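Read through the structure below, which is laid out as structure tokens, and then see the notes.
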Amino acid sequence: MAPSQITIVRSRRRKKTIQTKYGDGRLWIYLPAGMSTKDEQKWIDRMIERNERWQQQKRTLKKSDTWLLQRAQELNKKYFDGALDFSITFVANQHSRFGSCTSIDKTIRISERVKTMPSWVQDYIIIHELTHLLHPDHSKKFWEIVNHYRYAERAKGYLIAVGVGVVKQEKESTDEDDIFYDM
Ligand SMILES: [Zn+2]
């Protein structure tokens, strides 16, 4: 954040508390009057840093279906010559799955939990589900395509680590799949 977007307010009524708020496109930092310049700078730096973390979190959570479709189309172009036809949306109710694909009506659903994952894992999940449009199962041909993605193995490891415990209970379903089935 540029310094011009920050307003420092020194308040005599304030004894020890430091407060920040975000409004009118600016970050307001309220400090007690009489702080030493050194302490002021320390707190200002800390508040700016904290605010940036919050903004980053908000951006992550705002990732929308529009973003998801765009990303999936880029991967469609890169890995499938843009040949795939599909719809893709985030869903909130997939607690035990990261993604699923119904190949009959070409719909892909990605769990909202994926929004906070690293982008190379997000890409893997999207590629995995895109590949199911061609191969609904986890056949050798399926993995041949998925493994073109250079971080496929790493992403599988990441997902196993965060998904331990939800794998087994999902084995029953047939039309949709959990990406852990055969890993
Ligand atoms: Zn799968």
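Output yes when any residue across the stretch 91-105 is closer than 15 Å to LYS63 by Cβ, surrounded by fewer than 19 Cβ atoms within 10 Å (Cβ to Cβ) and in contact with a helix residue (DSSP H, G or I) (Cβ under 8 Å, 6 or more places away or on another chain), and no when none is. Yes - at least one qualifying residue is present in the stretch 91-105. So which residues in the stretch 116-140 are out of contact with any Ser or Thr (no Cβ under 6 Å at 6 or more places or on another chain) and either over 17 Å from TYR79 (Cα atoms) or free of Cβ contacts under 8 Å to residues at least 12 places away in the same chain (or both)? Passing the criteria: MET117, PRO118, SER119, HIS135, ASP137, HIS138, SER139, LYS140. Number of residues in the stretch 55-100 that are within 16 Å of the ligand (Cβ to nearest atom) and of a type in the set (D, E, K, R): the value is 1. Could you grab me the full set of residues in the stretch 103-132 that are modelled with pLDDT under 90 and within 16 Å of the ligand (Cβ to nearest atom)? Correct list: SER103, ILE104. Please determine whether any residue of the stretch 20-32 is assigned to a helix (DSSP H, G or I) and among the aromatic types (Phe, Trp, Tyr). Within the stretch 20-32, not a single residue is assigned to a helix (DSSP H, G or I) and among the aromatic types (Phe, Trp, Tyr).
The values are calculated or read from the model by the stated rules, or taken from the named source; none is laboratory data. Computed from a prediction, not measured in an experiment: that's the story for all the values here. Note: ideal-geometry Cβ built from the backbone for every residue, glycine included; neighbour counts use all protein chains shown.
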